[in-house]
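Below is one structure, written out as structure tokens, with a few remarks after it.
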Amino acid sequence: MIKESITELHLPYHGKRSKTVRVYIPEHEQGELLPVIYMTDGQNLFEDDNVAFGCWYTPKTIKAERELSGKAAVIVGIHNDGNPMERTNELTPKSIGKTDARKALPPFLRMLLKPQGELFDEFVVSTVMPAVEKQFPVLKGRNNTAFCGSSSGGLQSFFTALSHPDKFCAAGVFSPAFLLYSEDDMRRWVQSVMRDKMPYLYIYTGAGDELEHDIFESVETTYDILTECYPLELINEVVLLDNKHHESAWEPIFGDFLHTFLERREEF
């Protein structure tokens with residue numbers, strides 16, 4: 001039996017700087033290969049040391065799933081290595097449409113919104129995934145690979161999974177920042193990326209504070225858009241109205257997404 005481990009990588013991010021990526025490998029048998037979940041906000045995923053907003057405690061969730069079902073996954077956490085505004089920019093795609101940050105950001109930050117989600121998407125697909133598949137005991141291929149994130153990370157998870165349905169069979173889309181876009185732009189973009197085989201979408205939102213309530217409303221709008229063209233059997237919307245916009249809400253939701261991905265990934 002090989003013990004669990006966390007390995008830190010520093011990978012080139014568009015030639016400007018390196019970005020931290022941490023890879024959690026659960027305890028596993030010699031020669032065992034595992035499915036993999038790529039996740040945003042790697043600094044919040046593994047432990048609660050020096051995190052500003054809370055922790056997802058993903059190793060604990062992976063261990064619980066192993067005890068429940070005998071299955072486990074590798075977690076690849078891609079860090080936000082800058083300030084919160086830099087995080088918002090790198091996890092906000094431009095190609096979905098013109099952004100309106102009036103509900104998402106305070107006035108003094110709105111002018112600083114410069115969407116760069118396409119660069120992050122390229123980094124995940126062209127740099128992170130090849131590095132992980134080369135160095136770690138992961139299963140390759142669409143049905144062994146998922147993406148997950150929350151808030152701006154939930155938006156980026158949605159964007160990356162729908163942009164690459166050949167690479168991801170499932171996406172955890174938690175409290176996604178859909179409110180940045182108009183209904184018409186979101187509809188246009190979703191319709192533009194539709195293919196014969198699309199990923200399973202686990203879309204979660206709460207409504208327990210002002211921001212999460214606004215996100216809930218935008219999620220409902222986007223869900224209606226998806227039902228116009230997306231296979232209904234590939235959409236799961238989970239709404240817990242009392243939950244706030246916080247890691248303490250996303251931690252248990254991740255456990256349900258993990259279980260669904262591991263149990264049903266061959267179907268997607």
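Each value in this text was obtained by applying a stated rule to the coordinates, not by laboratory testing. Keep in mind it's a predicted model, so treat the numbers as computed, not measured. Here the Cβ positions follow ideal geometry from the backbone for every residue, glycine too, while neighbour counts run over all protein chains shown.
Quick one: which residues, 5+ away or cross-chain, put their amide H under 5 Å from the amide H of Asn80? H built at 1.01 Å from N.
Asp41, Gly42, Gln43
For segment 1-85, what relative contact order do you get, as a whole percent, if you take Cα pairs closer than 8 Å and at least 6 residues apart?
Details: 149 pairs, mean separation 29.0, N = 85.
For segment 1-85, the relative contact order is 34 percent.
Trypsin sites (Lys or Arg not before Pro) within segment 175-268: which are DSSP loop residues with at most 11 other Cβ atoms inside 10 Å?
On the way: sites: Arg187, Arg188, Arg195, Lys197, Lys244, Arg264, Arg265; in loops: Arg195, Lys197, Lys244, Arg265.
Hits after loop and neighbour filter: Arg195, Lys197.
Wrap a convex hull around the Cα atoms of segment 33-152, take a quarter of its surface area, and give that in square nanometres. Present the calculation step by step, with values, prior to reporting the outcome.
Details: hull surface 35.6 nm².
It is 8.9 nm².
Rounded to whole Å and sorted largest first, list the principal axis extents of the Cα atoms in segment 32-98.
44, 30, 17
Please work out the FRET efficiency for the pair Lys140 and Leu240, using the Cβ-Cβ distance as r and a Förster radius of 35 Å; give the result to the nearest 0.05. Please report the intermediate quantities before stating the final value.
On the way: r = 34 Å, r/R0 = 0.98.
The pair Lys140/Leu240 has a calculated efficiency of 0.55.
Enumerate the amide H contacts of Val74 below 5 Å, restricted to partners 5 or more residues apart or on another chain; note that Pro and chain-start residues carry no placed amide H.
Val36, Ile37
Mind giving me the nanometre distance, one decimal, between the label points for Gln191 and Glu8, set 7 Å out from Cα along Cα→Cβ?
Label-label distance for Gln191 and Glu8, simple model: 4.8 nm.
Per-residue ellipticity at 222 nm for the chain, helices alone: DSSP H runs ≥ 4 residues times -39500 (n - 2.57), over residue total, nearest 500 deg cm²/dmol?
Mean residue ellipticity, 222 nm, calculated: -11000 deg cm²/dmol.
Let me know the volume per residue of the alpha-carbon convex hull for the chain, in Å³.
121 Å³
So how long is each side of segment 107-207 along the principal axes, counting just the alpha-carbon atoms, biggest first, in Å?
Taking max minus min along each principal axis of the Cα atoms, segment 107-207 gives 45, 30, 27 Å.
What does DSSP give for segment 5-264 in terms of the percent of beta bridges that are antiparallel, rounded to the nearest 5?
On the way: 13 of 38 bridges.
Of those bridges, close to 35 percent are antiparallel.
Classify segment 185-250: rounded, prolate or oblate, from the alpha-carbon gyration tensor (a ≥ b ≥ c, eigenvalue square roots; a/c under 1.5 rounded; otherwise prolate if a/b is larger than b/c)?
Values: a/c = 2.77, a/b = 1.90, b/c = 1.45.
Cα axes put segment 185-250 in the prolate bin.
Amide H to amide H under 5 Å from Asp100: which residues, 5+ apart in sequence or cross-chain, H placed 1.01 Å off N in plane?
Tyr181
Relative contact order, percent, of the chain when contacts are C-alpha pairs under 8 Å separated by at least 6 residues?
Working: 525 pairs, mean separation 48.2, N = 268.
With pairs under 8 Å counted, the relative contact order is 18 percent.
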